[in-house]
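Notes for the one structure printed next.
We did not get these values from a lab; they are worked out from the coordinates using the rules stated. For clarity, every value in this text was computed on a predicted model and none was experimentally measured. In this analysis, Cβ positions are derived from the backbone assuming ideal geometry, glycine residues included, and neighbour counts consider all displayed protein chains.
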Amino acid sequence: MCEELQTLKREAVYVLRAVKSIRRSRDLTFYEDAELNGKKHHILNAVLKHLLAGHQGQPCPAGDRPIVSLNKTARLRT
């Protein structure tokens, strides 16, 4: 397994749970909500970026499912 992917997944779970908890605990202003959405999007983008090109521009081999497959791209070109 890819240690970096595991770390990113743990961080993503922590951020998503924290955002949900904050939203449920009090009424947020528009700016606070936008800041929380920014944090959530940042960590999710980091996970996706690692899955797609996290190993010297190649997909992460430790992903749950392969996002990019050489076989599929070869079939599309023929």
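Neighbour counts of other Cβ atoms within 10 Å put 55, 50, 41 in the fewest-to-most order 41, 55, 50.
The HN-Hα couplings worked out from phi for the range 18-32 by the Karplus form 6.51 cos²θ - 1.76 cosθ + 1.60 (θ = phi - 60°) are 5, 4, 4, 5, 5, 5, 6, 7, 7, 7, 9, 7, 4, 6, 5 Hz, whole numbers, x standing for Gly and Pro. Each other residue within a Cβ distance under 14 Å of residue 29 adds +1 if Lys or Arg and -1 if Asp or Glu, for a net charge of -2.
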